[in-house]
Amino acid sequence: MPLSKMLPSRALLRKDWRMTRSLFLVFASFITFASTLTLAYNIVSYRAAEGAWLGGLRASHRLLESSSGFHGAAMVLFAIMMGVVSMGLERDKGTLSVLLGMPYSRRDILSSKAVVSLLQISLPFIANALLMTLLLRTNQGVNFPFGVGAIWSWAVHSVLVLTFVLCVTLLASTVSGKMLGAAFLALVILFFPFGMYALVHVNATQWQTTGLISHGQGLFWHFSDLFSDAANYLTVPLWLIDFPAVVAVNSIVHVDMNVIELVFANSVWSFVVVHPYVLYLLLAGLCLGLYTWAQKWFAGTELNMMMNCWRCPACVGSLA
Amino acid sequence: MFNIDQRSATPIYQQLIQQVKEAILRGGLCAGDKMPSVRELAGQLAINPNTIQKAYQELERQGVIESLRGRGTFVCQSVAPTVDAQKQAKVSESLRRVVIEAHYLGLSAEKIMTMVEEHLHDLKLGVNR
Amino acid sequence: MHVSLKEVAKYFGGHSALDSVSFDVPPGAVFGVVGPNGAGKTTLLKTIMGMLRPSSGSVTVDGRNPQTETAVRAGIGYLAEAQYYYLDFTVSETLCFYRETYPTWQDERSRELCMGFGLSMRAKVKHLSRGQRTQLGVVLALSYVPKLLLLDEPTAGLDPVMRRQFLALLMDEVAQHGTTVLISSHQLSDLERICDYVGVLHQGKLLDVARIEDLKRQVFTVQVVLAEPPTDDFWRQEWMQSVRQHGRIYTVVAQGERDSLASYFAAAKPLALEFIEMPLEDIFIARMGGEGYAFK
């Protein structure tokens, strides 16, 4: 099949881009401010201070190695919003029924949204990575604590994680009838593990102060530690904040191939051996799986008069 | 130019036929005049073009109008009424029906005749007066 | 475009919206659908459009299933009372989207219609009034010259002037392009002018399909004044839908040819005999035998 046939039509792409345009611009500005502009400002103040090692550059370094909690959560929320708006808004406003009456296949309708959302999430990172590379290359006099490789690994890593968030949200908004429902579903899936862990931990601390359970001992605390590890792994925003596979790499060509070891002192697992590319591949595979699932679900969806019925057993059951 | 009375029991196409004929008799449409196209009339009156087509076809069959290829539909130069025994019987029946109704509405025979003459005069068909 | 439905049924969670509906619409015909609210008119049109999948039976437009074959939908236009637009788009952006979607789009036509309606290209859809949004819907539906037009109560909410304008535009379209039209409406007077056939939908069932002129030729209200009441048999004719008596005045709704009816009543030597013109609504009610409508 020629490439032009595989991509959804230009009209759909243009329409979907137009729908989330404002959100995209805000997101792009946010990323630009957090990365390139901060870096530029730090360089300027570094030069002004005649080479004294300012904390400013450390901030940029930290961003690239592991985003602050605020950045990570904000990026995930943006990605959720984009996923929810692109599909959920059509449903809420009723324009989905118009689309379905047009000569577009359901596959094209959903794939156009996926493509546009993907572009809108990745473009800010790519553009900023380019700009930051440019800044690095043109400021030879500055002693940067990180290299070009770190910049690009940050970009690629963030795009991948946010793509995963997007796929989850797209699926949620295809399944759920309304925007609010989709947003809720996505938030639960993505933030839940950590939220749950925090809930449990806070409660446990309370119990400990009342003397029911002694800290640091016993099965409960083992499980709690286990759960904290699981929570760390399963809570997606934390992947942006403290993903163990992100390592400072010195150049874009020579990637550090060292295996990353994770040692958890108190937990049952002594260490988990993980290779970054395996994890990335897994993530990419998950994204594809979620997207396919969303397509399948959308293909089987039936819109009733209220435009929010899907797979009603009564509807599907009465198909001859 | 034409007015359709929806409340009437007469089908719309028949009303059109009648009105075209009346217009010709009264001089609104002269021999050789161009009739509005089916499309124009459909748009003007907001009526199904098939209905108009039907009326035009019947008028053409009766020799009232003729369609010239590529130029449009025109009123015939000479409307030669054809004597048709069957049609005459129908007209006679319709007249009978009208007379029955008029009678039961309370109109006398003289009044009925006066009304007929008035119509004839109005349509410029009467000889007297 | 030829539209054909065979035994189409549609269920929504236990509720039957359409029940065994079958009819054919030849190309170029204008087919009206009448029925009370909730009869299934919108469901019927959406199923023909391809938005809904029939629970059983088949829908074909030009021999193809509009739900599965997307190319057919490029020739179908849809205009409903409930309109959905991308509210943040401007009029020109909306037109642009449709232009790129439909290969048969005619730019001059859209511009001509927009100017005729007085729609500003730069206005955002959310700032348009309800009437203007309907006009935009008309522009969008007509500019790509669809071969089949599905209209779901398009004149509801329009004032009489706009209604007449809309019908005139529609008839002009049909005359010029031979468009097949399916229109659902409560306004029987409108349907009478524009339809070739009219079908009655009641509780998901298609009761009857008839030509309007046939209906008008076959149902009459006759008022008869009789000095003496006739024999009971006189009123027991099966072609009499209903008889109402007020002293010596009998009002009969009857089916049959006008001349034979006149002769029948004349035979009873009435004091007065009158045929009363019946509005189309009453003809419908009488013809359908009062099914679903209160007729007491």
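The values are calculated or read from the model by the stated rules, or taken from the named source; none is laboratory data. Predicted, not measured: the structure shown is a model, and the values here were computed from it. Cβ sites come from the backbone with ideal geometry, for glycine too, and all protein chains shown count toward neighbours. The accessibility values were calculated without ligands, DNA or RNA, using every heavy atom of the protein model including side chains. Shrake-Rupley method; radii C 1.70, N 1.55, O 1.52, S 1.80 Å.
Remarks
- Of all the numbered requirements in (1) buried (at least 16 other Cβ atoms within 10 Å of the Cβ); (2) more than 10 Å from every other protein chain (Cβ to nearest Cβ); (3) in contact with a Ser or Thr (Cβ under 8 Å, 6 or more places away or on another chain), C:MET278 misses one, and that requirement is (2).
- Set side by side, the residues C:LEU158, C:LEU182, C:LEU206 differ, and just one is open to solvent by 10 Å² or more (accessible area, probe 1.4 Å), touching a residue at least 12 places away in the same chain (Cβ under 8 Å), more than 9 Å from chain B (Cβ to nearest Cβ) and under 17 Å from C:GLY40 (Cβ atoms), which is C:LEU206.
- Scanning region C:238-269 for residues that are within 14 Å of chain B (Cβ to nearest Cβ) and in a strand (DSSP E or B) gives C:ILE249, C:TYR250, C:VAL253, C:ALA254, C:GLN255.
- Only one of the numbered conditions (1) of a type outside the set (D, E, K, R); (2) in contact with a helix residue (DSSP H, G or I) (Cβ under 7 Å, 6 or more places away or on another chain); (3) at pLDDT below 80; (4) more than 17 Å from C:TYR264 (Cβ to Cβ) is not met by C:LEU207, and that is (2).
- Of all residues in region C:49-71, one or more are surrounded by 22 or more Cβ atoms within 10 Å (Cβ to Cβ), on the phi < 0 side of the Ramachandran plot, in contact with a Pro (Cβ under 7 Å, 6 or more places away or on another chain) and within 13 Å of another protein chain (Cβ to nearest Cβ).
- Selected residue [crowded, with 19+ Cβ neighbours inside 10 Å and among the basic types (Lys, Arg)] from C:ARG193, C:ARG248, C:ARG258, C:ARG217: C:ARG193
- Single condition C:TYR78 does not satisfy, out of (1) surrounded by 15 or more Cβ atoms within 10 Å (Cβ to Cβ); (2) within 12 Å of another protein chain (Cβ to nearest Cβ); (3) free of Cβ contacts under 8 Å to residues at least 60 places away in the same chain; (4) not acidic (Asp, Glu): (3)
- Any chance C:TYR84 is crowded, with 20+ Cβ neighbours inside 10 Å and under 28 Å from the mean Cα position of the chain (by Cα): no
- Search result, residues across region A:82-124 that are open to solvent by 10 Å² or more (accessible area, probe 1.4 Å), outside any helix (DSSP H, G or I) and more than 21 Å from A:THR292 (Cβ to Cβ): A:PRO103
- Residue in region C:22-34 that is farther than 23 Å from C:CYS195 by Cα, touching a residue at least 12 places away in the same chain (Cβ under 8 Å) and in contact with a Gly (Cβ under 7 Å, 6 or more places away or on another chain) present: no
- Residue check, C:LEU149 open to solvent by less than 50 Å² (accessible area, probe 1.4 Å) and outside any loop (DSSP other than H, G, I, E, B): yes
- Residue match in region C:8-16 (condition: of a type in the set (Gly, Ala, Ser), in contact with a strand residue (DSSP E or B) (Cβ under 7 Å, 6 or more places away or on another chain) and more than 12 Å from chain A (Cβ to nearest Cβ)): no
- Taking helices (runs of 4 or more DSSP H) as the structural unit, those lying wholly within region C:90-144 and holding at least 2 residues that are over 15 Å from C:MET162 (Cβ atoms) and open to solvent by 50 Å² or more (accessible area, probe 1.4 Å) correspond to C:91-101, C:107-117.
- Only residues that are in contact with a Phe, Trp or Tyr (Cβ under 9 Å, 6 or more places away or on another chain) and within 30 Å of A:VAL84 (Cβ to Cβ) were counted in region A:133-164, giving 10.
- With respect to the conditions (1) open to solvent by less than 50 Å² (accessible area, probe 1.4 Å); (2) in a strand (DSSP E or B), C:GLN223 falls short on a single one, namely (1).
- Being modelled with pLDDT under 70, assigned to a loop (DSSP other than H, G, I, E, B) and in contact with a Lys or Arg (Cβ under 7 Å, 6 or more places away or on another chain) holds for only one residue in A:GLY211, A:GLY177, and it is A:GLY177.
- From the options C:LEU215, C:LEU169, residue that is at pLDDT 85 or above, within 13 Å of another protein chain (Cβ to nearest Cβ) and either part of a helix (DSSP H, G or I) or within 28 Å of C:GLN135 (Cα to Cα) (or both): C:LEU169
To keep it simple, each residue is scored yes or no on (1) within 14 Å of another protein chain (Cβ to nearest Cβ); (2) farther than 25 Å from C:GLY28 by Cβ; (3) among the small types (Gly, Ala, Ser).
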site: B:ASP5; (1), (2), (3): yes, yes, no
site: B:LEU29; (1), (2), (3): no, yes, no
site: B:VAL38; (1), (2), (3): yes, no, no
site: B:TYR56; (1), (2), (3): yes, no, no
site: B:VAL64; (1), (2), (3): no, yes, no
site: B:LEU68; (1), (2), (3): no, no, no
site: B:CYS76; (1), (2), (3): no, yes, no
site: B:LEU105; (1), (2), (3): yes, yes, no
site: B:VAL116; (1), (2), (3): no, yes, no
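- When B:ALA55, B:ALA46, B:ALA23, B:ALA42 are checked against the criterion of being in contact with a Pro (Cβ under 8 Å, 6 or more places away or on another chain) and surrounded by 13 or more Cβ atoms within 10 Å (Cβ to Cβ), a single residue qualifies: B:ALA42.
- Residue ID - least open to solvent (accessible area, probe 1.4 Å), chosen from residues in region C:2-22 that are of a type outside the set (Ser, Thr, Tyr) and at positive phi: C:GLY13
- Pair list, Cβ < 6 Å and 6+ apart or interchain, from region C:40-53 residues that are in contact (Cβ under 8 Å) with a residue 12 or more places away in the chain to residues that are among the aromatic types (Phe, Trp, Tyr) and buried (at least 24 other Cβ atoms within 10 Å of the Cβ): C:MET49/C:TYR78
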